[in-house]
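A.B. asks: Pasting a structure here, questions to come.
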Amino acid sequence: MEKNKYTLFKGFNKLRLLYNRPAMQSKLRGLQDYHRGTKKSDYTNIKENLLNEILAYSQKKCPYYKELYKTLGITSPSIGDLNRIPFLDKQIVRLNYKDLQSKESKRLTNYIMNTGGTTGEPLTFPVSSHYEYEHHEFAFKLFNYQEGDEIVSFAGITIDEENIKKNIFWKKEGRKNLPYGRIRLSSLYLTNETVLIYIKELNSIKASFLRGYPSAINHLAIFMLDNNIQLDFELKGVYLTAETIFPNQISNIKNAFNCSVSLEYGHSEVSVFAYTVDDTYEYYCSPFYGYTELIGTDGNHVKIGEVGEIVVTGFYNKAMPFIRYKTGDLALFNGNKDGLTRLSRIDGRTQDYLLNIKKEKVFLVGLVYGGHHSFLNNIKKWQIIQNEPGFIDIKIIKGTSFSSEDEVSITELFMKKERIESKIEFVNEISLTSRGKNKLVIQNTPI
């Protein structure tokens, strides 16, 4: 009976989302016009009203927040109280799993999300109706997506042994095209030995867009550039998501595929959706999806031009509201304008750090990607492993232009700037995570 109730509620939630979908699509069309310069808008009030709504809802329906606001002396939570509300993180969610859920969670839940995250510790939470699909549709249309355009994605899907033996490293995923495509290529089996099979399949499909992991699409791009290979059809664009995206990857992909590249940032907790609109690659955080803050190490909001951790409050997951949730991702803040939070770049995970000999944290993105190092253009892929403070092992898949000068530049960068001694090993392959992603830093040193 309980299962039947859940199924009934799930069906009702989907119908309600479909009913509200045209209104959200209309709002996002207005946002498209804003970015195209045909409409002036200020989304500040809309974003703040949505924030106030979820704060009020959390007080009324979630035992955790009801007690928290009472302890803080907040009688009617609103944006003015936001800085007083403590941050939420994965550990707090695990410890307060039941009380963080809405009293209406059972009838609101559309699905249960299980996410491993970079630490490998699973986080499970219910998710109610939200507008992720509409936002993906909006982002694709910013890059001239038309109905009927074929999308092919790269993701960490597993392929059965029978198909692997036949050199089939992809799956057909049914009729729905947006946003993941009807055909999904697996990043798990993309190697120098199989890459020509992937290229042949792409030429057979003749898609309009590629979407997915930048590490996988960059691997494909580098191989094409090194071997002077071009696709026998024209792409409209490449849409990168789900991993930290580096400038050299964008450059490789643009050169190999001769098309525009757009970037997206989001996460399973459905509390932020950020997208780019041009070749500046500045991210805009949708005012219809969540409220985004950039918080420094002192717990305060950073200033323009400073790096902070992305902290988000989602507007639509009422089954379990995430309020001031620490994502573990770092970004360079570029202010709020017209109600849109802007990020000059997203720098990666707070877990992507090294320890110098004094056991001080050194964030890799600031050290490596904060400067202009030519060796980055000559590396196909790399991974840094640290087992003790002040020492690192670096695995590198060399590009055709990699030289002894690049090797010296890498070792000097870590030694001269942070007194971290490095040992370089040249390899042909670097293992991916179970989800088919490229893990840049493996940190085995306790702080």
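The values are calculated or read from the model by the stated rules, or taken from the named source; none is laboratory data. For clarity, every value in this text was computed on a predicted model and none was experimentally measured. Neighbour counts are summed over all protein chains in view; Cβ atoms, including those assigned to glycine, are modelled from backbone coordinates with ideal geometry. Ligands, DNA and RNA are stripped out before the accessible areas are found, and what is left, the full protein with its side chains, is counted by its heavy atoms. Shrake-Rupley method; radii C 1.70, N 1.55, O 1.52, S 1.80 Å.
A.B. asks: When you scan the stretch 363-376, do you find a residue that is hydroxyl-bearing (Ser, Thr, Tyr) and without any contact (Cβ under 8 Å) to a residue 40 or more places away in the chain, even just one?
C.D. replies: yes
A.B. asks: Could you identify the single residue in Lys61, Lys70 that is in contact (Cβ under 8 Å) with a residue 40 or more places away in the chain and open to solvent by 30 Å² or more (accessible area, probe 1.4 Å)?
C.D. replies: Values: Lys70 fails: in contact (Cβ under 8 Å) with a residue 40 or more places away in the chain.
Going through Lys61, Lys70 in turn, just one is in contact (Cβ under 8 Å) with a residue 40 or more places away in the chain and open to solvent by 30 Å² or more (accessible area, probe 1.4 Å): Lys61.
A.B. asks: Right, here's the next one. Please find, within the stretch 188-215, the residue that is modelled with the highest pLDDT out of those that are part of a loop (DSSP other than H, G, I, E, B) and farther than 22 Å from His136 by Cβ. Give the derivation first.
C.D. replies: As a first pass, look at the stretch 188-215 and keep what is part of a loop (DSSP other than H, G, I, E, B): 190-194, 206-208, 213.
So of that shortlist, the ones also farther than 22 Å from His136 by Cβ come out as 190-194.
On the way: Leu190: 90, Thr191: 87, Asn192: 85, Glu193: 90, Thr194: 94.
This residue is Thr194.
A.B. asks: For residues in the stretch 166-187 being in a loop (DSSP other than H, G, I, E, B) and of a type in the set (A, V, I, L, M), which is most open to solvent (accessible area, probe 1.4 Å)?
C.D. replies: Top of the filtered list is Ile168.
A.B. asks: Of all residues in the stretch 83-114 being touching a helix residue (DSSP H, G or I) at 6+ places or on another chain (Cβ under 9 Å) and part of a strand (DSSP E or B), which is most open to solvent (accessible area, probe 1.4 Å)?
C.D. replies: Across the stretch 83-114, the extreme among qualifying residues is Tyr111.
A.B. asks: Ok, one more. Can you name the number of the only condition in (1) surrounded by fewer than 22 Cβ atoms within 10 Å (Cβ to Cβ); (2) farther than 15 Å from Tyr131 by Cα; (3) modelled with pLDDT under 95 that Asn252 fails?
C.D. replies: Going through (1) surrounded by fewer than 22 Cβ atoms within 10 Å (Cβ to Cβ); (2) farther than 15 Å from Tyr131 by Cα; (3) modelled with pLDDT under 95 one by one, Asn252 breaks only (1).
A.B. asks: I need the full set of residues from the stretch 397-445 which are over 27 Å from the mean Cα position of the chain (by Cα) and of a type in the set (Gly, Ala, Ser), in order please.
C.D. replies: Ser401, Ser403, Ser404, Ser409, Ser422
A.B. asks: Also, quick follow-up: Every residue in the stretch 425-447 that is under 11 Å from Ser215 (Cβ atoms) and among the β-branched types (Val, Ile, Thr), please.
C.D. replies: Selection gives Ile430, Thr433.
A.B. asks: Which of the residues that make up the stretch 208-232 are free of Cβ contacts under 8 Å to residues at least 60 places away in the same chain, surrounded by 21 or more Cβ atoms within 10 Å (Cβ to Cβ) and either of a type in the set (D, E, K, R) or touching a Gly at 6+ places or on another chain (Cβ under 9 Å) (or both)?
C.D. replies: Leu210, Gly212
One line per residue, one yes/no per condition, for (1) modelled with pLDDT of 90 or more; (2) under 30 Å from Pro77 (Cα atoms); (3) more than 18 Å from the chain's Cα centre (by Cα):
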| residue | (1), (2), (3) |
| --- | --- |
| Tyr316 | yes, yes, yes |
| Ile323 | yes, yes, yes |
| Leu343 | yes, yes, no |
| Ile379 | no, no, yes |
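A.B. asks: Looking for whichever is more than 28 Å from the chain's Cα centre (by Cα), outside any helix (DSSP H, G or I) and farther than 19 Å from Glu269 by Cα here; the options are Thr71, Thr75. Which one fits?
C.D. replies: Answer to the check: Thr75.
Condition check ((1) more than 25 Å from the chain's Cα centre (by Cα); (2) acidic (Asp, Glu); (3) at pLDDT 95 or above; (4) outside any helix (DSSP H, G or I)) across all residues:
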position	(1), (2), (3), (4)
Gly117	no, no, no, yes
Pro126	no, no, no, yes
Ala139	no, no, yes, no
Gly148	yes, no, no, yes
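A.B. asks: Something else now. Against the definition (open to solvent by less than 10 Å² (accessible area, probe 1.4 Å), at positive phi, within 16 Å of the chain's Cα centre (by Cα) and of a type in the set (A, V, I, L, M, F, W, C)), how does Val270 come out, yes or no?
C.D. replies: It is true that Val270 is open to solvent by less than 10 Å² (accessible area, probe 1.4 Å), at positive phi, within 16 Å of the chain's Cα centre (by Cα) and of a type in the set (A, V, I, L, M, F, W, C).
A.B. asks: In the stretch 300-407, which strands (runs of 3 or more DSSP E) lie fully inside it and hold 3 or more residues that are surrounded by 22 or more Cβ atoms within 10 Å (Cβ to Cβ)?
C.D. replies: It comes to 307-314, 325-337, 340-349.
A.B. asks: Can you pull out the residues in the stretch 419-441 that are assigned to a strand (DSSP E or B) and open to solvent by 50 Å² or more (accessible area, probe 1.4 Å)?
C.D. replies: So in the stretch 419-441, the residues assigned to a strand (DSSP E or B) come out as 421-426, 441.
Residues satisfying the conditions are Glu421, Lys423, Glu425, Phe426.
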